[in-house]
Structures are given as C-alpha cells and as structure tokens.
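Only one structure is covered here, and it is reproduced in the block below.
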Amino acid sequence: MSTPAKTTPASTPRTPDPDWWRDAVVYQVYPRSFADTDGDGLGDVAGITTRVPYLSSLGVDAIWLSPFFPSPLADGGYDVADYRDVDPKLGTLDDLDALVRAAHEHDIRVIVDIVPNHTSDQHEWFRAALAAPAGSPERARYVFRDGAGPDGSLPPSDWVSNFGGSAWTRVEDGQWYLHLFAPEQPDLDWENPEVRADFEHTLRFWSDRGVDGFRVDVAHGLAKDLSTPYRPSDEKALPLDGSDPLYDRDEVHEIFGTWRQVLDEYDPPRAAVAEAWAPAPRRVLYARPTELGQAFNFDLLEAPFDAAAFRGIIQRNLAMSEQSGASSTWVLSNHDVVRHATRYGLPTGTDTDAWLMTDGTAPVLDAERGLRRARAATLLVLALPGSSYVYQGEELGLQEAAAIPHDQLQDPKWIRTGHTVKGRDGCRVPIPWTTSGPSFGFGAVAPHLPQPADFGRSSVEAEDGEPDSTLSFYRAAIAARRRLQQGEELHWLDTDGDQGSRSRVVAFARHDGWRSVTNFGVDPVPLPSGTVVVASRPLGDGVLPGETTVWLA
Ligand code: GLC
C-alpha cells in the first residue's frame, strides 16, 4: 500500500527539522499589544512583521500568535467570529502570509491559536442558531437546552462560567445556551460531526499557508457530559478520573487523535500544544505522540519562588514526559496571569486578584526583587530539557500594570464579576519599544490599554546593548541555550552535600559539563568551579549571590 503524498505548503522555515518543537524557545505574541503600524491604537499583523528582526535578535525558535481572527473582542480575541480569516482591524490574509514568510526567512516557526471550545456570538453559525427554531440543525452545533423550573425560566443546571455568573444564557424564545466563558462565547457541541469537520478544515487551512503548529485553547473542555439530570461540577476539585461533566473527560482524546492524523498529513508534521488545565498525570495524555505532542505545564506558573517547589515540579514533570514520550514544557508567564517579575516581588501567598484591586499598593511590591527572582527562574527554566514559552515583554523585565483606570479595563472578568476581579489586562498592556514618544513606540497614538508612565525605562531602546539589562540577559541566555541544548538528560547535583529537600540551592547537570545552579535563598553561597556561561545578575567574587542562577561549563 502506498503512503499518501504529504502536503508541502508555500512557505517553510530555512532549516527543516520535524522535531523543532521538542526543545524550542517559543515567544508568545499578543497581537493587539505588540506593534501598531496603522495608528488605530491596536497592534496589527504588519506590526509583528516589522519586528521579526527583533525576534530573531532575541534568538527565539518560534512565535505563538494569540488569536488574530475577526473578533468583536468580548474576550481579547478568544471569541472568534471567523476561524479562517484575519481581523480587518489587524490586517489581511496577505499580511499574515507575509508575516509567516518573514518569520521563516529568519528560521522562526509560527504557531497559531485555535479556539475550539466556543465561537463568538457573532460567528455566522451562532447568528444562524439564534434565527432558527429550537431543535433545528443550526442550534445543534451549539448546546441549546430548555430551562428548568415549571416555566423553564431557570438555567438547565448549576454550572458556572469561568468568568463568573451562570454558564447558561437565555435567548428570546426561552431556550438557554451553554457558555463556559462569557455569554458572547457560546460553546460548540463536539458531538456534532459538522463541528468536527469544520475544525479539521481550519487546521488544514492554516497548515496549507505554512503555519508550523497550533496552540489549542481550552483543549480539556471539548467533550462534555450533557445528559440530564446534569451532574454538578466543582471546578476547584477536578476529579482525577475523568468524571467531571465539563472538563478533561476521556472522550476528548478521540478528537485529538483525529487532529493528529490531520497534522501528520504535512511535511514536516504540524506541531501542537494543548492548553489543558488538568491534573498533571492526566495532562500528559494530551501530549501523547498520537495526539497533540505537547501540553502546557502550568505548575511553575502557579508555584512560589521556592527551591523545594521548583525541584519537585521539575522532577515530576520530567518523569511524566519520559513516560508519555512527549517533551516537557515550561511556562512562567502568559496573557492570563500576573507577570512573574511581579508575582515574585510580592510576599509569598499574596492573592494577586485582591492585590490588583488595590491598584497594586497593598501589599507593597518589591519590583527590584521580583525582577531579580524572575531572571533567576527564567535562567533555570531555560536550562531544562523540553521547550520554554516566553511571554512578550518578559524579556524587558516588564512588571504587571496594576493601576489601569477602571473605566479602561477590558477583561470580561471585570464585567462578569460585578467589578470585583480586575482580570488580565495588566499583563496585556502594549509593550514599550522606545524610551519616549506616543505609546513608547508601540504606535502613533494612545494604545488600547494605557501604559504606565515609567514604561519607557523598560523599552527595547533603553535596554538594547546595555550589558546588564534584562533584554541583554535574555539574548545571552537564549543564545547560550541554542549552543548547549541537546538531548533530554538531566542529573541532579549535590551542592556542598546540601541538595536535600530543604536546600535553597537547586543544581543540575545536563551534558558535556553544562550545569545550572540557582540560589533561591537570600544569602550568598560559594560559586561552584567552572567557567561562567551566563548569570542572571552580576556575580560576586567566588560567590553566587542570593536569588541568582548561573550556568557553568
Ligand atoms: C484560554 C485563554 C484565555 C481565554 C479562555 C477562553 O484560557 O488563554 O485567554 O479567556 O481560554 O477562550
């Protein structure tokens, strides 16, 4: 039997390597906040293209583009009105093709964000569903149900939305539809073959255009138990056995098995990474070679800056990856959480939602310490086997913008919680390119989210070429990693016989003498022997200062 011919798209990266994703440094671009070339205050696709040389100078292997599809922006673009187009506010399909070509010319891969759990309420399918009667094929693409109570005026179940409030919204004729997120994000019914076929079409559409991989939004949410009576869900205690009615059900894996077949139609096969908020042992199921290949590991993103926490998380995740045949992923920041330079500058255990509600005044942020620790954590993570995800602006040492005026907040969490949770806008503020000027070089006018007045100090212009800047540090670290990273071996090292669970030093060796040593404590420790390759901050004479990582060779 002959193997079907593989599809080769128009644009490909310079060096063919089907395994590039296994140990890539992936830079997340939040397009609306990256670079604005048309002066409307929103970043655009052409803006990203103009910054490809910058991304190349940073040394990243790939960029992951958060959604750039047509969207009414009820949830920062994660409410998609058309999966196979570019939002006219951000550009055109030609602009996207030009971006993919420019990235490939610099040997940078492109990952696109696919949002399969829900569409926008402005998607043509949902409009058709609203116009059609109960029980119609148009409604069957979504989850429409009759309400509870004698007159159907109560929601069908007690399920709550991730952004607050009921997960059901009533429509004019009295039926209710399900939305695990905002009401403007109706959930699709993945038991419907039309839904499945349409997403396979979307995967091929972008793969044909040369896109190298996909980030799969809310991957753990597609399969749902919609039989009545509805079982209650308690989000805080995800059961380990796949019995939650809404998340991480066993049936979801069949969908991704099919996706893998589509992704494997390409040469090289397209990569994929699941956003699956599931307990660690079940998360790796999404990353099996027969499914997406990778799943985000958010353990470090939720952990304090603490040696035992880091050591335990790394050990567990490396063991799980070995078992599943996937590669590990490491994430410290993304567009959904308070930036790690800020988290680490707050007292351990601070509730960041509550802190944001004080406009970042209480408890007081030690920004210098936060950044020092963030650099140490980043360098440690870059020394690990697997791939590292970097969120735009962390390479500049940006802090969370905690004091955005209330009337300018955009996050649906802010609205849906009755203004009690600010949400994620503080990490989505447009990044500063220049020390001064309108929107610090982001664009020509005021940006869609206001930037802090001192942002220019952390701009690319201010940090470029400055030996001690965070930007220079990231460039040096990523360049060294490119030279050194190979294989998946890691050996834990004793540091002065002190590598027990209470030690504040985390040290490990990779291969050919490459070692990473992190001092999580505040007091200096003796610097192990060897040649210093990179350090997260200047070292003392023969000592590794507190809250510092060094790579030795
Ligand atoms: C994911 C995204 C988040 C979005 C949500 C709903 O968690 O990362 O930004 O709000 O899905 O699509």
(request) Sort out for me the helices (runs of 4 or more DSSP H) sitting completely within the stretch 186-291 that have 3 or more residues that are modelled with pLDDT under 95 and open to solvent by less than 60 Å² (accessible area, probe 1.4 Å). (result) 280-286
(request) Would you be able to tell me the number of residues in the stretch 116-166 that are buried (at least 18 other Cβ atoms within 10 Å of the Cβ), among the hydroxyl-bearing types (Ser, Thr, Tyr) and under 30 Å from residue 85 (Cβ atoms)? (result) 4
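May I ask you to list the residues in the stretch 319-335 that are more than 15 Å from residue 401 (Cβ to Cβ) and within 16 Å of the ligand (Cβ to nearest atom)? Give the steps one after another, and end with the answer.
Residues of the stretch 319-335 that are more than 15 Å from residue 401 (Cβ to Cβ), as a first pass: 319-332, 334.
The answer is 329, 331, 332, 334.
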(request) Exactly one condition in (1) open to solvent by 50 Å² or more (accessible area, probe 1.4 Å); (2) modelled with pLDDT of 95 or more is not met by residue 496; state its number. (result) (2)
(request) Only residues that are free of Cβ contacts under 8 Å to residues at least 60 places away in the same chain and in contact with a Phe, Trp or Tyr (Cβ under 6 Å, 6 or more places away or on another chain): list them for the stretch 370-409, please. (result) 370, 374
(message) Yes or no: the stretch 116-128 includes at least one residue that is under 25 Å from residue 194 (Cα atoms), in contact (Cβ under 8 Å) with a residue 40 or more places away in the chain, touching a Gly at 6+ places or on another chain (Cβ under 8 Å) and within 16 Å of the ligand (Cβ to nearest atom).
(response) yes
(message) Given the criteria closer than 24 Å to residue 106 by Cβ, of a type in the set (A, V, I, L, M) and open to solvent by 10 Å² or more (accessible area, probe 1.4 Å), does residue 24 qualify?
(response) no
(message) Among the residues of the stretch 422-469, what is the count of those that are surrounded by fewer than 22 Cβ atoms within 10 Å (Cβ to Cβ), polar (S, T, N, Q) and more than 19 Å from residue 39 (Cβ to Cβ)?
(response) 2
(request) Any chance you could count how many residues in the stretch 342-379 are open to solvent by 40 Å² or more (accessible area, probe 1.4 Å), more than 26 Å from residue 477 (Cα to Cα) and among the aliphatic types (A, V, I, L, M)? (result) 5
(message) Contact list please: Cβ distance under 6 Å, first residue in the stretch 412-441 and more than 24 Å from residue 390 (Cβ to Cβ), second residue within 13 Å of the ligand (Cβ to nearest atom) and of a type in the set (Lys, Arg), pairs at least six apart or on different chains.
(response) 421/413
(message) Can you tell me how many residues within the stretch 302-312 are buried (at least 18 other Cβ atoms within 10 Å of the Cβ) and without any contact (Cβ under 8 Å) to a residue 60 or more places away in the chain?
(response) 0
(message) List pairs: first residue in the stretch 450-464 and assigned to a helix (DSSP H, G or I), second residue aromatic (Phe, Trp, Tyr) and crowded, with 18+ Cβ neighbours inside 10 Å anywhere in the structure, Cβ distance under 8 angstrom, at least six positions apart or on different chains.
(response) 455/440; 456/440; 460/433; 461/433
(message) I'm checking my understanding of the structure. Among residues of the stretch 93-114 that are out of contact with any Asp or Glu (no Cβ under 9 Å at 6 or more places or on another chain) and surrounded by fewer than 24 Cβ atoms within 10 Å (Cβ to Cβ), which one is nearest to residue 387 (Cα to Cα)?
(response) 106
(message) Can you tell me which condition residue 76 does not meet? The list is (1) farther than 25 Å from residue 386 by Cβ; (2) within 16 Å of the ligand (Cβ to nearest atom); (3) crowded, with 23+ Cβ neighbours inside 10 Å, and all the others hold.
(response) (3)
(message) If I ask for residues that are aromatic (Phe, Trp, Tyr) and within 16 Å of the ligand (Cβ to nearest atom), which ones from the stretch 139-176 would you list?
(response) 142, 159, 163
(request) Quickly run through the stretch 529-545 and pick out the residues that are in contact with a strand residue (DSSP E or B) (Cβ under 6 Å, 6 or more places away or on another chain), open to solvent by 40 Å² or more (accessible area, probe 1.4 Å) and in a loop (DSSP other than H, G, I, E, B). (result) 530, 537
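Taking the options 327, 321, name whichever one is open to solvent by less than 10 Å² (accessible area, probe 1.4 Å), at pLDDT below 95 and over 16 Å from the mean Cα position of the chain (by Cα).
Working: 321 fails: open to solvent by less than 10 Å² (accessible area, probe 1.4 Å).
The unique qualifying residue is 327.
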(request) Could you identify the single residue in 36, 61 that is in contact with a helix residue (DSSP H, G or I) (Cβ under 7 Å, 6 or more places away or on another chain), within 24 Å of residue 459 (Cβ to Cβ) and charged (D, E, K, R)? (result) 36
(request) Could you please find all residues in the stretch 328-343 being of a type in the set (D, E, K, R) and in a loop (DSSP other than H, G, I, E, B)? (result) 336, 339
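Is it fair to say residue 315 is open to solvent by 40 Å² or more (accessible area, probe 1.4 Å), at pLDDT below 95 and part of a helix (DSSP H, G or I)? Write out each step before concluding.
Values: open to solvent by 40 Å² or more (accessible area, probe 1.4 Å): yes; at pLDDT below 95: no; part of a helix (DSSP H, G or I): yes.
Answer is no for this residue.
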(message) Only one of 65, 90 is crowded, with 22+ Cβ neighbours inside 10 Å, within 16 Å of the ligand (Cβ to nearest atom) and within 26 Å of residue 413 (Cβ to Cβ). Can you tell me which?
(response) 65
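The values are calculated or read from the model by the stated rules, or taken from the named source; none is laboratory data. Since this is a predicted model, take the numbers as computed values, not measurements. Don't worry about glycine lacking a Cβ; one is built from the backbone with ideal geometry, like all the others, and counts go over all protein chains shown. Heads up: the accessible areas ignore ligands, DNA and RNA and are worked out on the full protein's heavy atoms, side chains in. Shrake-Rupley method; radii C 1.70, N 1.55, O 1.52, S 1.80 Å.
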